[in-house]
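Novice: Here it is: the structure, laid out below.
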Amino acid sequence: MALHTDRIRDELAGPLAEAGLTVEEIRAHAAGRHRTLTVVIDLDADHSDPVPFDTVTEASRMVSEVLDGIEVWGEHPYTLEVTTPGAERPLTEPRHFRRARGRRVRAELGADEGAPSDGGTVEGVLTDVDDEGIVLEGVRDGDRILFSEVATAQVVVSLR
């Protein structure tokens, strides 16, 4: 039985937005009798602070209450997981990059018509983000890298 997550996302969006959160992703997995619904949340703010544990706990309660009011898998029981994207999530939206400001980012660049490079990997501290692109310290002499040039990007996690 396939689960359509669009309705779930729509139902969760409002209550989570009121709490300053956004739904990043909803994953539904069914294997035999075992079913798991994973709701990935993040702060909708543009700062780089992680989602506090207490916020995840409260969001779990909110998500559970909302899901109690709709049929997820009919009468079948399931496990609900509410989590955050984690430090190594792909940066795919301008909001993701704004949340990573001040952190080291590695980006794979693709060839973009009119772009100053033919691709390759760049890495540096993310110093600026706008709706058009990003600036990485020490990359391209501080010139903006357009989002259309970025094939993939993620925060570089450093354990000291």
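The values are calculated or read from the model by the stated rules, or taken from the named source; none is laboratory data. Not measured: the values here are computed from a predicted model. When we count neighbours, we look across all protein chains shown, and the Cβ atoms used for this are built from the backbone with ideal geometry, even at glycine. Keep in mind that these areas ignore ligands, DNA and RNA; they rest on the heavy atoms of the full protein, side chains included. Shrake-Rupley method; radii C 1.70, N 1.55, O 1.52, S 1.80 Å.
Novice: Evaluate the relative contact order of the chain (contact order divided by residue number), counting alpha-carbon pairs under 8 angstrom at least 6 apart; express in whole percent. Don't skip to the answer; put the middle values down first.
Specialist: Working: 261 pairs, mean separation 30.2, N = 160.
Once divided by the residue count of the chain, the mean separation gives 19 percent.
Novice: Multiply the residue gap between Ala45 and Ala87 by 0.36 nm, knock off their C-alpha separation, and tell me the result in nm, one decimal place. Mind showing how you got there, number by number?
Specialist: On the way: separation 42, 0.36 × 42 = 15.12 nm, distance 1.59 nm.
Length gained between Ala45 and Ala87: 13.5 nm.
Novice: Determine, from the Cβ-Cβ distance of Asp128 and Glu65 and an R0 of 35 Å, the FRET efficiency 1/(1 + (r/R0)^6), rounded to the nearest 0.05. Write down the numbers at each step before the final one.
Specialist: On the way: r = 39 Å, r/R0 = 1.13.
Rounded to the nearest 0.05, the efficiency is 0.35.
Novice: Carbon and sulfur together cover what percent of the accessible area of the chain at a 1.4 Å probe radius?
Specialist: Details: 4300 of 9480 Å².
Carbon and sulfur: 45 percent of the exposed surface of the chain.
Novice: Per residue, how much accessible surface does segment 29-93 expose to a 1.4 Å probe? Answer in Å², no decimals.
Specialist: On the way: 3880 Å² over 65 residues.
Computed with neighbouring chains in place, this is 60 Å² per residue.
Novice: For the chain, which span is the longest to avoid every loop-located (per DSSP) member of GluC sites (Glu not before Pro) having at most 11 other Cβ atoms inside 10 Å?
Specialist: Working: sites that count: Glu71, Glu75, Glu88, Glu113, Glu132.
Of all site-free stretches, the longest is 1-70.
Novice: Across 5 Å bins from the origin, how do the percents of Cα pairs in the chain run, short distances first?
Specialist: Final binned percentages: 2, 8, 17, 17, 14, 12, 11, 9, 6, 3, 1, 0.
Novice: Shifting gears a bit: Once the Cα atoms of helix 53-68 and of the chain are each reduced to a long axis, what angle between those two axes, in degrees from 0 to 90 to the nearest 10, is obtained?
Specialist: 50 degrees
Novice: Let me ask something else about it. Run the simple label-point estimate for Val157 and Thr57 please: 7 Å along Cα→C-beta, distance reported in nm.
Specialist: 2.3 nm
Novice: Additional query: Counting Lys +1, Arg +1, Asp -1, Glu -1, what net charge surrounds Arg35 among other residues with beta carbon under 12 Å of its beta carbon? All intermediate terms of the calculation are to be shown ahead of the outcome.
Specialist: Values: positive: Arg27, Arg33; negative: Glu75, Glu81.
Local charge sum for Arg35: 0.
Novice: For the chain, what does the helix formula give at 222 nm: sum of -39500 (n - 2.57) over DSSP H segments with n ≥ 4, over the residue count, nearest 500 deg cm²/dmol?
Specialist: After summing the helix terms and dividing by the residues of the chain, the value is -7000 deg cm²/dmol.
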